[in-house]
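What follows is one structure encoded as structure tokens, with my remarks underneath.
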Amino acid sequence: MPELPEVESARRLIAGQALHRRIVDVDDSDGYVGRPHPPGELRGVLTGRSLVAAHRRGKTIWLETSAADGSAAAGGPELGIHLGMSGLIAVTGPDGSVAEGGDRHRYDVRAGLGKWSRFSLTFADGGRLVLLDPRRLGRVRLNPDIGALGPDAGQVTPAQFRTLITKGAVAVKARLLDQSKIAGVGNLLADEILWQARVSPRARTGSLSPAQVSRLYRALKSVLESASAKGGAHTGDIIAARHPGGTCPRDGVPLVHGTVGGRSTWWCPREQKLPPGQQDLQAPASYAARAA
Ligand SMILES: [Zn+2]
């Protein structure tokens, strides 16, 4: 699933290869990916324009478009792209070259262009920008509501983070996944951040100590940096151990598994203990993994 590093790779691809190419056709026939726009609406609005800037906050990309005459300045609507659970952006050149950014995948992108294309822009030079999305949970829409998102996980300041991560009484993992609070962290990054910070995913936000908050902030920054450098959220240290029988890479203790924040979660029961007195406030975790 694309998280901040994967989505940033898609944004960078668009910024580097898809700007200032005049749009001569749009395939928006997939009315589900394009909802609430009916098929044909995006085509009507975007044809003749060009993309002039590519932005991202969290997992949402939005592209500025030119006036209808295709000029270099902005002036058109913004085109929002969300990669969903399996989205990938491919940009093809006039010479047939294909470059990609987004979800990690195991299919051939060139073959996937026909099979998994959910939305595409065709440029005057013959190249295209295509959203490939096997699971079809991506989304393309005009003028997305960026204001509904919290600050980007890569940009959030220590003071903002402290406020956002400690408010209320939900499991800290659920808070990390809440895009309206901090935008960009998905399931793998959240498990890695909590493990690096030695904080239980089930710890309640309001009970976090200042030391835990500091560790979480530092882990957020270092995990994002490392994932971006290594090529995605799947490169984290604990990720390969997220399976029955997997052990903590630091101390070799078998990881435990449970559902936290509605998502499959793995953690080290020795180093990521709940603070004293909190054990009874949370639903018990499944210890199935320990028996494996
Ligand atoms: Zn451990």
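The values are calculated or read from the model by the stated rules, or taken from the named source; none is laboratory data. Computed from a predicted structure; not experimentally measured. Heads up, the Cβs are rebuilt from the backbone with ideal geometry, glycines too, and the neighbour counts pull from every protein chain shown. Accessible surface areas use protein heavy atoms only, side chains included; no ligands, DNA or RNA. Shrake-Rupley method; radii C 1.70, N 1.55, O 1.52, S 1.80 Å.
Residues in the stretch 41-59 that are buried (at least 20 other Cβ atoms within 10 Å of the Cβ) and closer than 20 Å to A229 by Cα: R56, R57, G58, K59. Does A227 satisfy the criteria of being among the hydrophobic types (A, V, I, L, M, F, W, C), in contact with a His (Cβ under 9 Å, 6 or more places away or on another chain) and buried (at least 21 other Cβ atoms within 10 Å of the Cβ)? Spelling it out, A227 is indeed among the hydrophobic types (A, V, I, L, M, F, W, C), in contact with a His (Cβ under 9 Å, 6 or more places away or on another chain) and buried (at least 21 other Cβ atoms within 10 Å of the Cβ). Quick one: in the stretch 66-91, which of the residues that are polar (S, T, N, Q) and free of Cβ contacts under 8 Å to residues at least 40 places away in the same chain is surrounded by the fewest Cβ atoms within 10 Å (Cβ to Cβ)? Applying the filter and picking the extreme gives S71. Note on the stretch 263-283: residues that are modelled with pLDDT of 95 or more and more than 16 Å from the ligand (Cβ to nearest atom) amount to 2. Scanning the stretch 177-199 for residues that are open to solvent by less than 10 Å² (accessible area, probe 1.4 Å), under 17 Å from G236 (Cα atoms) and not in a helix (DSSP H, G or I) yields a total of 4.
When the stretch 3-29 is filtered for residues that are of a type outside the set (V, I, T) and within 23 Å of S226 (Cβ to Cβ), the ones remaining, listed by number, are E3, L4, P5, E6, E8, S9, A10, R11, R12, L13, A15, G16. Kindly indicate whether any position in the stretch 181-189 is within 15 Å of the ligand (Cβ to nearest atom) and not hydroxyl-bearing (S, T, Y). Looking for residues that are within 15 Å of the ligand (Cβ to nearest atom) and not hydroxyl-bearing (S, T, Y), one finds none in the stretch 181-189, hence no. If I ask for residues that are open to solvent by less than 40 Å² (accessible area, probe 1.4 Å) and within 16 Å of the ligand (Cβ to nearest atom), which ones from the stretch 213-222 would you list? The one that is open to solvent by less than 40 Å² (accessible area, probe 1.4 Å) and within 16 Å of the ligand (Cβ to nearest atom): A219. Within the stretch 224-252, the set of residues being more than 16 Å from the ligand (Cβ to nearest atom) and among the hydroxyl-bearing types (S, T, Y) comprises S226, S228, T235. Restricting attention to the stretch 135-176, the residues that are touching a residue at least 40 places away in the same chain (Cβ under 8 Å), β-branched (V, I, T) and part of a helix (DSSP H, G or I) total 4.
Pairing residues of the stretch 92-104 that are more than 13 Å from V130 (Cα to Cα) and open to solvent by less than 30 Å² (accessible area, probe 1.4 Å) with residues that are hydrophobic (A, V, I, L, M, F, W, C) and in a strand (DSSP E or B), at Cβ distances under 6 Å and at least 6 apart in sequence or on separate chains, gives D103/L88.
Among all residues of the stretch 242-264, there is none that is without any contact (Cβ under 8 Å) to a residue 24 or more places away in the chain, open to solvent by 20 Å² or more (accessible area, probe 1.4 Å), assigned to a helix (DSSP H, G or I) and of a type in the set (D, E). Within the stretch 29-40, restricting attention to residues that are surrounded by fewer than 17 Cβ atoms within 10 Å (Cβ to Cβ) and in contact (Cβ under 8 Å) with a residue 24 or more places away in the chain, the residue that is farthest from L79 (Cα to Cα) is Y32.
Can you find even one residue in the stretch 203-212 that is surrounded by fewer than 19 Cβ atoms within 10 Å (Cβ to Cβ) and within 25 Å of E6 (Cα to Cα)? I'd like the intermediate steps shown before the answer.
Going residue by residue through the stretch 203-212, those that are surrounded by fewer than 19 Cβ atoms within 10 Å (Cβ to Cβ) are 206-207, 209-211.
If we keep only those that are within 25 Å of E6 (Cα to Cα) too, we end up with none.
No: zero hits.
Take the residues of the stretch 253-262 that are of a type in the set (A, V, I, L, M, F, W, C) and more than 10 Å from the ligand (Cβ to nearest atom): which is nearest to A203 (Cα to Cα)? Only one residue tops the list, namely V260.
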